[in-house]
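None of the figures in this text is laboratory data; all of them are computed from the coordinates on show. Not measured: the values here are computed from a predicted model. Positions of Cβ are generated from backbone atoms using ideal geometry, with glycine treated the same way; all protein chains shown enter the neighbour counts.
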Amino acid sequence: MSLMLRSNLSTAIDDLDKAECLADTLENLLKLDALLGLWFYIPHDFNCLKFWLHIMCRVITGIFVFIIPPLGQSICVIKLILSRDAEIQEIAGIINLVLTEMLTSLKLLDLRCRRSLLTELKEQMEGSEFLHFHRPQIHFIEKSIKVSEKLFVWLTIGVVIDITVHIIIVPAVHRFQFLPVKMDFIFFDVYKYPYFDIIFIYQILYKPTLLLTFVAIQTLRWGFLLCTISQLDVLIYNLKGMKKLDEGENLLDHESFDEVFKRNVIHHCAIIKFIKTFEAAFGGQFLLFFIFNSCIIGTTAIEFFSIQNPLNHVVDIFWIFGFLFMMIIILFIDCYFGSIITEKNSYISMVVYCHPWINLPKNTKKNLIIFISRNQRTLTINAAKLVPVSLTTFTKVMNWTYKCFALLNQMKD
């Protein structure tokens, strides 16, 4: 796949540096997508035995990773509520983990249903409209590559620390008297031998798989957002440089202003199409994340502020605070990237208007006015066409979270 991608890029771009740079960008996203390849595509024929082995592996993995854990935790929560002896912070501590696992499962299912849109996104990224780079513009692409890689690395490190502390260190501090993830099954007592050991090992195996799937889905989304931002940066650079020197010569001496402007308009239309396709592919995920994340942060905050004798539960405090901080940061990054895309697209109209267009032909002026008018529409990424992905939405979600926290805190008192 990587060789085919590089071959296509080489034929589309003459400059070797440009091809290598864009190949790195696309390959970086494909590496993230490769983590999800197990769930989306089967590289075998329907009549092949390997095809059915893949199906069987997916069914077994889906049951043991995405169905049994939230089911066992839900039964535990129901029993605690019916017993009327459990404290609200104990219930909240289980609910936030259940919601996190359900969120990952639903996001994965949503992507599975929209996998054709993922293919369309990759095809648009390989289109000729996104491949017209000159050496100064490569800086924007390289910047998006570095940011994407850093986000992937830091989120992976955060998840590894979370797994290590939650699954190993916290139970070890309590001398392995409790399961890392509280579960309950109707047919047997999970705290009796040998069920306790089996469930404990099972949790050590399924939890990393689930959370690494969460990382893959999340960083894939960020990768597409960063690709959009870098393309907008390239377009802004091109619009600013329409009348500047290119490689020591005047661009207008080689081709007309109309041709240069037309190429930029086509690039802008391709970016808008890419954003709309991205919105169709990930809009449902954004809405799910906003709703679930509000509840997760609220229940986690209840658990955090309800810890008694903090000095005796330093490890628990460290893990809960780290989990809470990570969920808030992920929400902020999503909304921040959405706001950046909206701001950069709005800035395009100003760049075109500030161009010295007074002496241009009448027909060219008309085209500029049409482009500016068309670009007056606010370009936003909407969550399921309901809520814009922006910093304003971030503040609203945090407001919902505080209300959830206040309600649960009153129940605790």
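Annotations
- Label zone at residue 347 (point 7 Å along Cα-to-Cβ), backbone N below 13 Å, region 202-229: 229
- Peptides 312-319, 230-237 ordered by average Cβ neighbours within 10 Å, highest first: 230-237, 312-319
- Phi-derived couplings, Karplus 6.51 cos²θ - 1.76 cosθ + 1.60 at θ = phi - 60°, listed residue by residue for region 334-343: 4, 5, 5, 4, x, 5, 4, 4, 5, 5 Hz, with x used for Gly and Pro.
- Amide H contacts of residue 183 (H built 1.01 Å from N, under 5 Å, at least 5 apart or other chain): none
- Using the Karplus relation 6.51 cos²θ - 1.76 cosθ + 1.60 with θ = phi - 60°, the per-residue 3J(HN,Hα) values for region 57-73 come to 4, 5, 5, 5, 5, x, 5, 7, 9, 10, 10, 4, x, x, 5, x, 5 Hz, with x marking Gly and Pro.
- Estimated dipole of region 321-383 in Debye, rounded to 20 [Cβ of Lys and Arg +1, of Asp and Glu -1, Cα centre]: 520
- Simple label model, 7 Å out from Cα along Cβ direction - residue 52 to residue 85, nm: 5.0
- The gain in end-to-end length when the residue 276 to residue 385 segment is fully stretched comes to 38.2 nm, 0.36 nm per residue minus the alpha carbon separation.
- Residue among 355, 338, 391 farthest towards the positive dipole end of region 337-413, charges placed on Cβ: 355
- Each Lys or Arg adds one and each Asp or Glu takes one away; over the other residues whose Cβ falls under 10 Å from the Cβ of residue 323, this sums to -2.
- When both region 50-87 and region 283-323 are represented by their alpha-carbon centers, they are found 21 Å apart.
- Working note: Karplus 6.51/-1.76/1.60 with θ = phi - 60° gives region 295-302 the couplings 5, 5, 5, x, 5, 5, 5, 4 Hz, where Gly and Pro are set to x.
- Amide N proximity, region 54-77 versus residue 174 label position 7 Å along Cα-to-Cβ, cut-off under 11 Å: none
- Amide H to amide H distances under 5 Å link residue 382 with 389, where only residues 5 or more positions off or on other chains count and H is placed in the peptide plane.
- In loop segments of region 340-413 as defined by DSSP, the trypsin sites (Lys or Arg not before Pro) with at most 14 further C-beta atoms inside 10 Å of their C-beta are 377, 385.
- Full extension of the chain between residue 204 and residue 128 gives 22.7 nm of extra length, using 0.36 nm per residue less the Cα-Cα distance.
- Peptide packing: for 218-229, 192-203, 321-332, 277-288, the average count of neighbouring Cβ atoms within 10 Å per residue gives the ranking 218-229, 277-288, 321-332, 192-203, highest mean first.
- Protection proxy ranking of 101-114, 174-187 - average other beta-carbon atoms within 10 Å, highest first: 101-114, 174-187
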